[in-house]
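The values are calculated or read from the model by the stated rules, or taken from the named source; none is laboratory data. Every value quoted in this text rests on a predicted model; they were computed, and no experiment measured them. Note that we place each Cβ from the backbone using ideal geometry, even for glycine, and neighbour counts take in every protein chain shown. What goes into the accessible areas is simple: the full protein's heavy atoms, side chains included, and nothing from ligands, DNA or RNA. Shrake-Rupley method; radii C 1.70, N 1.55, O 1.52, S 1.80 Å.
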Amino acid sequence: MPVPVEKFDVVVVGAGPAGSAAAYVLAKAGLKVALIERGRGAGSKSLFGGKVYAQPLRDVWPDLDRKAPIHRWVTLERFSFLSSGRMATFEVRLGRSVAFTTHLPELVKWMAGRAEEAGALLIDEVVVDEIVVKDGRVVGVRSGGDVVEADIVIDAEGVNRLLLEKLGLADPPDTGRLALGVKEVIRLGDKVIEERFGLGKGEGLAWILAGDVTRGLPGGGFIYTMKDTVSIGVVLRVASAVEAAEGGALNEHVSRLVEALRLHPQLHRYWSDGDVAEYGGRLTIEGGLGYVPKRLYWNGLLVVGDAAGLLLNTGYTIRGVDFAVASGRMAAETVLEAHARGDYSEDSLAGYERRLKSSFVWRELVRHKTIDEVMSDPWFFRALPEIVARAAASMFEADYEEPTPLEAFLDALRSQGTPLALALAKLLKAARV
């Protein structure tokens, strides 16, 4: 491992949003920080849809708006149900922009670069094999035959928590808590994007899709406008997809679902003459608090970001990057207090969990803790899109007499085979959680 033979104050494992934020805050405060990344350069292993909430990032980088690789500020939010060739869409034009679109590799590279500028040592293309424990406390990390010592290790390894599993602090992943996201990036040009999506200069769109884009399986589709490209893709809950594949309900590769989204009759007009520039996939977290490890802190160890289970999917929006950055900042603040005391024990690092559990991150996870009951229910992804699309069509496709919205809704329920009481119970439950 290409590092000086010396002890660091902190070793951060993973140069994603959480790890880079922690490394930046710590290095800026003068601590000796090693930021270890397994990919070739920070951001090379990063992938997501494209929308990031800005304010938690400004808490770390106040000059974010001027210096970060921001593509567009989201001014338009859409949510669509697609079924049987029809599409019903709910649209909101925002009064102010609180989120922006970006390619995560670009953003992460910028974050890690800021950490380097502050004095952190970025070590890439190095796989950490083990968090080293001696006499009941963490003392560093091991890669191959090399050990890098540190007073504290911050685990920001991401959704694949192999290091925490080896320590016994996290169980092997439950497929019911994971989803697979696959995306394509289509190059169009900035002016074409603005014309076709009804956007002004610098304005962005975040569009969530439910229904036949996932063959009615729990999950969804997404569309995000970047500066001169459009990111489109699907997300499937792993457990549901495996069950459907084994039962014969899903007999095609997930890449075919993305292709079907790109060629969808209601959508392909937006990018029909564009070029597919990129294709990628990754695992992500589902289930809110269900992915939080057994411990968020230990003697000489803190856990942040995806490794800590800090991601929320409410069905109409996804928050992960801002949660990760906030957790990295709170971990760094805890380390600075411990460093000032010269005490890196479990009791000293307990302040991280207190910070986290009093923050907006934990409050949001707790407030939506039962969202998994909705996100894992196939009714919301198969029956509901069909009901909504059919009801909307009957209201606007009439030649002579038009039904009232209630009549259209009741007729769609009968056609789909869902009793009214069941539909109301499920919708009330969804609204509540």
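Brief remarks follow.
- Among the numbered conditions (1) open to solvent by 10 Å² or more (accessible area, probe 1.4 Å); (2) in contact with a strand residue (DSSP E or B) (Cβ under 6 Å, 6 or more places away or on another chain); (3) within 22 Å of Ala27 (Cβ to Cβ); (4) not β-branched (Val, Ile, Thr), the only one that Tyr297 does not meet is (2).
- The residues of the stretch 149-165 that are open to solvent by 10 Å² or more (accessible area, probe 1.4 Å) and acidic (Asp, Glu), listed by number, are Glu149, Asp151, Glu157, Glu165.
- Residue in the stretch 5-43 that is nearest to Asp322 (Cα to Cα), counting only those that are open to solvent by 60 Å² or more (accessible area, probe 1.4 Å) and modelled with pLDDT under 95: Arg38
- Test for Arg66: is it open to solvent by 50 Å² or more (accessible area, probe 1.4 Å) and in a helix (DSSP H, G or I): yes
- Residue in the stretch 166-192 that is surrounded by the fewest Cβ atoms within 10 Å (Cβ to Cβ), counting only those that are among the small types (Gly, Ala, Ser) and outside any helix (DSSP H, G or I): Gly168
- On the stretch given as the stretch 349-376, residues that are open to solvent by 30 Å² or more (accessible area, probe 1.4 Å), outside any helix (DSSP H, G or I) and either in contact with a Cys (Cβ under 9 Å, 6 or more places away or on another chain) or closer than 28 Å to Leu180 by Cβ (or both) total 3.
- Within the stretch 318-332, the set of residues being in a helix (DSSP H, G or I) and under 13 Å from Ile285 (Cα atoms) comprises Val321, Phe323, Ala324.
- No other residue among Arg215, Arg196, Arg256 is of a type outside the set (Ser, Thr, Tyr) and free of Cβ contacts under 8 Å to residues at least 40 places away in the same chain apart from Arg256.
- Some residue of the stretch 73-84 being open to solvent by less than 30 Å² (accessible area, probe 1.4 Å), within 18 Å of the chain's Cα centre (by Cα) and in contact (Cβ under 8 Å) with a residue 12 or more places away in the chain: yes
- Sole residue being more than 24 Å from Leu35 (Cβ to Cβ) and either touching a helix residue (DSSP H, G or I) at 6+ places or on another chain (Cβ under 9 Å) or crowded, with 18+ Cβ neighbours inside 10 Å (or both), chosen from Arg382, Arg329: Arg382
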